[in-house]
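To start, the structure under review is shown below, and the notes come after it.
The values are calculated or read from the model by the stated rules, or taken from the named source; none is laboratory data. On a predicted model such as this, the values are computed, not experimentally measured, just so you know. Cβ placement follows ideal geometry from the backbone for every residue including glycine, while neighbour counts extend to all protein chains displayed. The protein model used for the area step is the full one, side chains on, heavy atoms only, and it has no ligands, DNA or RNA in it. Shrake-Rupley method; radii C 1.70, N 1.55, O 1.52, S 1.80 Å.
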Amino acid sequence: MEFIQLGNNGPTVPTLGIGAWSWGDTLFWNYGKDYGATQVQEAFHAAVDAGITFFDTAEVYGLGKSEQLLGQFIRQTETPIQVATKYGPLPWRFTAESVAEALTASLDRLQLTQVTLYQVHWPFTFLMSQETLMNALADQVEKGRIQTIGVSNYSAAQMREAHAVLSKRGIPLAVNQVRYSLLSREVETQGIIKTARELGITILAYSPLQQGLLTGKYTPEGPQPSGPRQWDSRFKPEGLRKISPVLDLLHQFGQNYGKTPAQVALNWLIAQGGIIPIPGAKNAEQARQNAGAVGWQLTADEVAQLEQVTRPWL
């Protein structure tokens, strides 16, 4: 397994993580119907066995169920696990104490005394200013309950603001978690990637397989996904035909390395530098497949060809 540092001087984590949104989520991912606790437990252990020890969750995933499951699984292994979770800046949370209380609840569900990374889930803080929020997070770093601070879905300007507030406390902003894949490259044209590199902020790429579109599993003639994705136009025959040039190239490069389209798509993200993809894994096989994205690398020419064919998604 390859490793990368969170921010300028944060902890070192694997260059590929696991996103645990689907663990316990019944609204989008049909947890409890198509799969359940046994399957995600097997996914956890398969990931750890493959060297993936960095897991990203949030208090809102499954309304706390994802954190609870991850906390249970961590106690089943002696391997050190690094956990990232998220604080939701809800309208009724407008004091520094509310940040501490939310963190306490997450730590209780995770059965931990410290998280590797604590992120603000979205930039809309309603009645709480960014200055109050960032200082509240800095307080928790000083108390030893957070190792590093991150944000999620922040624009380039919002990253700068958060970074500036934390810098006054001598604490870096380590991470911005954003949607980023070959089929979702807006963060490049929005200046988020450039700003992150300038400030020494690591990018966590969520939905790096575009909710399964980049796996090659779905074709215009084949089966459609279950849940809300079945109404998503991108998964309709016309949408799938639109991405066929991308999938063709992923298949072609995959054959060169004995890899799947999904593994090539994840490897492309890692090749950008300073990017940690966090694909989901609902079962052991998906976790093992994710792990196959590391330990090898696309050539510079292959990276460039994928960049060229996915420019419509900039």
Pairing a residue in region 188-208 that is among the charged types (D, E, K, R) and part of a helix (DSSP H, G or I) with any residue that is at pLDDT 95 or above and buried (at least 19 other Cβ atoms within 10 Å of the Cβ), where Cβ atoms lie under 9 Å and the two sit 6 or more apart in sequence or on different chains, gives Glu188/Tyr180; Arg197/Ile203
* Filter result for Val13 (buried (at least 16 other Cβ atoms within 10 Å of the Cβ), part of a strand (DSSP E or B), in contact (Cβ under 8 Å) with a residue 40 or more places away in the chain and not hydroxyl-bearing (Ser, Thr, Tyr)) -> yes
Practice item. State whether the residues of region 143-154 include one that is at pLDDT 95 or above, touching a Pro at 6+ places or on another chain (Cβ under 8 Å), open to solvent by less than 20 Å² (accessible area, probe 1.4 Å) and assigned to a loop (DSSP other than H, G, I, E, B). Key: yes
Checked region 56-105 for anything more than 19 Å from Asn135 (Cα to Cα), in a helix (DSSP H, G or I), open to solvent by 10 Å² or more (accessible area, probe 1.4 Å) and of a type outside the set (A, V, I, L, M, F, W, C); matches are Tyr61, Gly62, Lys65, Gln68, Gln72
*Does region 246-264 include one or more residues that are more than 30 Å from Gln5 (Cα to Cα), of a type in the set (D, E, K, R) and part of a helix (DSSP H, G or I)?*
yes
Of the listed residues (Thr53, Thr77, Thr57), the one being in contact with an Asp or Glu (Cβ under 8 Å, 6 or more places away or on another chain) and over 20 Å from Asp139 (Cα atoms) is Thr57
Those residues of region 207-237 which are under 16 Å from Gln286 (Cβ atoms) and either open to solvent by 60 Å² or more (accessible area, probe 1.4 Å) or touching a Cys at 6+ places or on another chain (Cβ under 8 Å) (or both) amount to Lys217
Taking region 106-131 and the residues there that are outside any strand (DSSP E or B) and aliphatic (A, V, I, L, M), the one that is surrounded by the fewest Cβ atoms within 10 Å (Cβ to Cβ) would be Leu127
